[in-house]
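The values are calculated or read from the model by the stated rules, or taken from the named source; none is laboratory data. Fair warning: this is a prediction, and the values are worked out from it, not measured in the lab. Don't worry about glycine lacking a Cβ; one is built from the backbone with ideal geometry, like all the others, and counts go over all protein chains shown. These accessible areas exclude ligands, DNA and RNA; they are computed on the full protein's heavy atoms, side chains included. Shrake-Rupley method; radii C 1.70, N 1.55, O 1.52, S 1.80 Å.
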Amino acid sequence: MKKTALFFLLVLSQITFGQAKITETEKLAATCKVWGFLKYYHPKVANGDFNWDKQLLDVLPKIEKAETQKEFSLILENWIDDLGPIKEIAPISTPKEVEFFDKNFDLSWFNNKLFSKKLSKKLKFIEDNRFQGEQFYIEGAEHVGNVNLKNESYKNPDFTNKNSKLRMIFMYWNLVEYFFPDKYQMDQKWDTTLEKIIPLVVKAENHDDFYLAMQKLVSRLDDSHTEFFIYPSSTEPKSKRFFPADGKIIDEKLVVTEILGDSLAQADDIKVGEVITKINDKTIKELILENRDLICASNEPKYLDKLVKRILFSYSDTVKVEFFKDGKYITKTMTWFDYHDSHRNEFKKGAQKKKEKFKLLDHNIGYVDMGVIKVRHIPDMIETLKSTKAIIFDMRNYPNGTFKEISKFLNAHEKVFAVYTRPVLSYPGRFIWSGDSKGGVDNENNYKGKVIVLLDEKSVSQSEWTAMCFQTAGNTTIIGSQTAGADGNVSEFDFEGFHTLFSGIGVFYPDRRETQRIGIVPDIEVKPTIKGIQEGKDEVLDRALKFIETGA
């Protein structure tokens, strides 16, 4: 009886499979996965024997006509067969010293309910006998391990052609699927993101609509390294107008923290400590909510930091800004000026020139501005601060590659401070534990005082990595707040219509604790307050000075 029941279940499942309807999104999402898999795995496709973009554009009209799972699956089976026979080379051996990191790796979709058993077997056979030569579409950065594109089409899609738009989305989705080291840490599964973005792409009718959809796709990486720069369409050039100051979001208010253009700020009486409550009649809370799908960040502090930059520029000449000042709300219609990023950077560079690279504070405490000091300044810094009871390394900025020389001064011995995962181009989607970084040297005259590192959400990548290095000194205390949570180098991709990037390798502590999204966890958490900013205080630095004096 059991065998008879099982037989009928198998027959019923096959009948059901053949008759089951399939939606457009289901078809397109599955096609995206198959196309990307063949691109990097099939020996002839990964070798560049086919125009793979054209192959996709040729098969999509057939996919569109398929109404059932059986029809859909047969199209994919025939497509694979038309690529030609695959030489059987399995099993492919793995060197004993190789240790895989497989939190990203999942080809279980081979057994998709949409696929026939025959199609699933074909895909598995291709995995087992995958391409082992030099990839045609992707390459690893020498000595680093992140990826670069090659032989891709960098042109804008035809925004009036659904399949042309889908090709671009499929390319990017698979790039992330196989080569983004932190895919497993996304809040939303990457498969789900694909299913949600496809309808938006299909509906997009022009440059702006398409790249808005793509920006929403990119934002789901949850990676603070990731940016998405859209090049304006040639028919609609746009120039940005900027608020003349920088700020920080605290308690759903935007407080001015730095004046970027003195004369422009003076014209509207903008000072450090001013509290902004609305921009163009939208509260800061509303702006926080409505930009969630447009900004990519590893965590909330970095999201708010990136959001400030987004809401402090406009494409309009005038902007309504509501301030809360002296217990009342004041609305100003401001003129924001068209000055470029290079102009803005001139203000910052000018401010940096006034900053001291290092100095001696009261009570025999040293201070080093890691955003200003360079390798050539380190010998003088050491000579000046070597006899202090503590040194504060302010890393609420981006360092200048000084970790090595400073760690030789701080450490008594050489120590590993970071280990990495890197993509395997011969087995796309898999990563391996590969390499480490060390700081310090054997130095009996190393610094014996307290080492304090100041961090916040502006501490990203090299800042976080350098902090990890300094932590090996053994007498290091991290003070501040959650960092950006995006360590390591980046993979960059430049297209005709957009430029984007993402974290290229996985970065971990030597015990393999994660840093991505988490950042460097402070030993003592301190966050600036609106009151402190208005009073001209640096509350994080003040807390460090207190810790040095009291030990608590």
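Looking at Asp222, Asp209, can you tell me which residue is over 21 Å from Glu535 (Cβ atoms), assigned to a loop (DSSP other than H, G, I, E, B), touching a residue at least 40 places away in the same chain (Cβ under 8 Å) and within 26 Å of the chain's Cα centre (by Cα)?
Every option except Asp222 fails the conditions.
Here is a yes/no grid of residues against (1) of a type in the set (Phe, Trp, Tyr); (2) in a loop (DSSP other than H, G, I, E, B); (3) open to solvent by less than 10 Å² (accessible area, probe 1.4 Å):
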| site | (1), (2), (3) |
| --- | --- |
| Asp442 | no, yes, no |
| Cys469 | no, no, yes |
| Gln482 | no, yes, no |
| Gly485 | no, yes, yes |
| Gly488 | no, yes, no |
| Pro528 | no, yes, no |
| Gly532 | no, no, yes |
| Asp542 | no, no, no |
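Of the numbered conditions (1) in contact (Cβ under 8 Å) with a residue 24 or more places away in the chain; (2) farther than 22 Å from Asp293 by Cα; (3) in contact with a Lys or Arg (Cβ under 8 Å, 6 or more places away or on another chain); (4) of a type outside the set (Ser, Thr, Tyr), Ile270 satisfies every one except a single condition; which is it?
That leaves (3) as the condition not met.
Looking at the range 170-198 only, could you name the residues that are closer than 19 Å to Ile22 by Cβ and either open to solvent by less than 20 Å² (accessible area, probe 1.4 Å) or not polar (S, T, N, Q) (or both)?
Phe170, Asp191, Leu194, Glu195, Lys196, Ile197, Ile198
Look at the range 27-45 and say how many of its residues are of a type in the set (Phe, Trp, Tyr) and either open to solvent by 10 Å² or more (accessible area, probe 1.4 Å) or in contact with a strand residue (DSSP E or B) (Cβ under 9 Å, 6 or more places away or on another chain) (or both).
Counting residues in the range 27-45 that are of a type in the set (Phe, Trp, Tyr) and either open to solvent by 10 Å² or more (accessible area, probe 1.4 Å) or in contact with a strand residue (DSSP E or B) (Cβ under 9 Å, 6 or more places away or on another chain) (or both) gives 1.
Of the residues that sit in the range 353-395 and are assigned to a loop (DSSP other than H, G, I, E, B) and in contact with a Gly (Cβ under 7 Å, 6 or more places away or on another chain), which one is surrounded by the fewest Cβ atoms within 10 Å (Cβ to Cβ)?
Out of the qualifying residues, it is Lys389.
Sort out for me the helices (runs of 4 or more DSSP H) sitting completely within the range 46-155 that have 1 or more residues that are open to solvent by less than 20 Å² (accessible area, probe 1.4 Å) and within 30 Å of Ile230 (Cα to Cα).
52-65
Hey, can you tell me all the residues within the range 92-115 that are of a type outside the set (Lys, Arg), touching a residue at least 24 places away in the same chain (Cβ under 8 Å) and out of contact with any Asp or Glu (no Cβ under 7 Å at 6 or more places or on another chain)?
Across the range 92-115, the qualifying residues are Ile92, Val98, Glu99, Phe100, Phe101, Asp102, Asn104, Phe105, Asp106, Trp109, Asn112, Phe115.
Working carefully through the options Gly497, Gly474, find the one that is among the small types (Gly, Ala, Ser), modelled with pLDDT under 95 and at positive phi.
Gly474
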